[in-house]
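Worksheet: the structure to be examined is printed underneath.
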Amino acid sequence: MDTIESLKAGPLPRHLAIIMDGNGRWAKQRGKLRIFGHENGVKAVRETVENSAKLGIEFLTLYAFSTENWKRPKLEVDTLMNLLVSSLKKELKTLHKNNIRLNAIGNIDSLPSKAYAELQEVIEKTSKNSGMVLTLALSYGAREELKHAIQEISLKVKNNIISPENIDDTIINSHLYTHNLPDVDLLVRTSGEHRISNFLLWQIAYAELYFMDVFWPDFREEHLAEAIKNYQNRERRFGKTSEQLN
Ligand code: IPE
Ligand code: IPE
Ligand code: MG
């Protein structure tokens, strides 16, 4: 098994994004309610955050709650929001210890007021940390993000602040929730599903994708190491030929 330490020598994804999936099925396998799976997913979040920081990942983005997840039963949504609040309270120490700065993307205004306030507090309290940037995608949907960016750019065009022929990648990037993050290098999804589920559609244009069967609550250092190791053995050509890269 590759340990995190042994992977430090190879190329690392600058921006790692993870679709943390499979909490519900993990609980169901044990004859428990879905919320038991979410409660047990918290440990995997803590370990992954710490291991990523130790490895030297600059940007870690975790898909925690999608715009579509609001359609789940109220008990489940409430549990997820309560877990967010309690985890933020509990993990502030861990973030400081590892010099991590918290960031959030998504329609944050739509979160319950308690979750919104706690999130803002931890973002503010960690804003001086200079290590890894941990971004939580909360009430996040890529289509909503793009719609929002198009609306803002359109308004600037209308008011003659931007001319249509000048709209380029840089301008589009600057209107996304992720304006202060680089493109994703490696996208990992757990639980065996092979789909993107409305996550970072623009930002993964050239990301390496890695799908794993493990359910999120079982995700440990060895799984992170497996994904990174696989990434290190890939050739990222960005449209060029293999020969051109050397
Ligand atoms: C991921 O696990 C957590 C969230 C989407 C909030 P799920 O809750 O989607 O678990 P499965 O996919 O139903 O097993
Ligand atoms: C994606 O997982 C969202 C998060 C992990 C937060 P879902 O479980 O909601 O995705 P679908 O519905 O199976 O595509
Ligand atoms: Mg799921």
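With the crude spin-label approximation of a point 7 Å out along Cα→Cβ, what separation in nm comes out for Val157 versus Lys93?
Taking the two extended label points, one gets 5.2 nm.
Between region 173-196 and region 130-147, how many Å separate their Cα centres?
8
Relative to the compact-globule scaling 2.2 N^0.38 Å, provide the ratio for the alpha-carbon radius of gyration of the chain.
Working: Rg = 18.6 Å, N = 246, 2.2 N^0.38 = 17.8 Å.
Taking the Cα Rg and dividing by 2.2 N^0.38 Å, one obtains 1.04.
With springs connecting C-alpha atoms under 10 Å apart, model the chain as a Gaussian network and identify which of Ser52, Ser87, Ser139 has the largest mean-square fluctuation.
Looking only at Ser52, Ser87, Ser139, the biggest GNM fluctuation is shown by Ser87.
So with the 1.4 Å probe, I'd like the accessible area per residue for region 155-246, rounded to whole Å². Working shown, then result.
Numbers: 5260 Å² over 92 residues.
In whole numbers, region 155-246 has 57 Å² accessible per residue.
Could you check how much of the accessible area of the chain is carbon and sulfur, as a whole percent, using a 1.4 Å probe? Walk me through the intermediate numbers first.
Details: 6520 of 12860 Å².
Summing carbon and sulfur atoms, their accessible area is 51 percent of the total for the chain.
In percent, how large is the relative contact order of the chain, given Cα pairs closer than 8 Å and 6 or more residues apart?
On the way: 376 pairs, mean separation 73.2, N = 246.
Taking the mean separation of contacting Cα pairs over the length of the chain, I get 30 percent.
Relative to the present Cα-Cα distance, how much length would full extension add between Lys147 and Asn129 at 0.36 nm per residue of separation? Write out the running numbers ahead of the final one.
Values: separation 18, 0.36 × 18 = 6.48 nm, distance 3.17 nm.
Working it through step by step, the gained length comes to 3.3 nm.
Dividing the Cα radius of gyration by the Kirkwood radius, what Rg/Rh value follows for region 1-122?
0.98
Convert each backbone phi in region 8-13 into a coupling constant with the Karplus relation 6.51 cos²θ - 1.76 cosθ + 1.60 (shift: θ = phi - 60°), then list the ³J(HN,Hα) values in order as whole Hz, x for Gly and Pro.
4, 6, x, x, 10, x
With every protein chain present, what is the per residue accessible area of region 1-91 (1.4 Å probe, Å²)? Kindly include the intermediate steps, with their values, before the conclusion.
Working: 4480 Å² over 91 residues.
Accessible area per residue, region 1-91: 49 Å².
Quick one: Cα centre-to-centre distance for region 214-237 and region 13-67, in angstrom?
Region 214-237 and region 13-67 have Cα centres separated by 13 Å.
Considering amide H positions built from the backbone, and no H for Pro or chain starts, which residues 5 or more places from Ala104, or on another chain, come under 5 Å of its amide H?
Answer set, sorted by chain and number: Leu136.
Over region 47-161, what is the relative contact order in percent, taking alpha-carbon pairs closer than 8 angstrom and at least six residues apart? Mind showing how you got there, number by number?
Details: 135 pairs, mean separation 45.2, N = 115.
Relative contact order of region 47-161: 39 percent.
May I ask you to work out the translational diffusion coefficient for region 47-179 at 37 °C, viscosity 0.692 mPa s, via Stokes-Einstein with Rh from the Kirkwood sum over Cα pairs, reported in whole µm²/s? Write out the running numbers ahead of the final one.
On the way: Rh = 16.3 Å.
D, rounded to a whole number, is 201 µm²/s.
When the solvent-accessible surface of protein heavy atoms is calculated with a 1.4 angstrom probe, in what order do Tyr63, Tyr206 fall, highest first?
Numbers: Tyr63 15, Tyr206 120 Å².
Per-residue accessible area, sorted high to low, gives Tyr206, Tyr63.
The values are calculated or read from the model by the stated rules, or taken from the named source; none is laboratory data. Quantities reported herein were computed from a predicted structural model and do not represent experimental measurements. When we count neighbours, we look across all protein chains shown, and the Cβ atoms used for this are built from the backbone with ideal geometry, even at glycine. Ligands, DNA and RNA are excluded from the accessible area calculation, which covers all protein heavy atoms including side chains. Shrake-Rupley method; radii C 1.70, N 1.55, O 1.52, S 1.80 Å.
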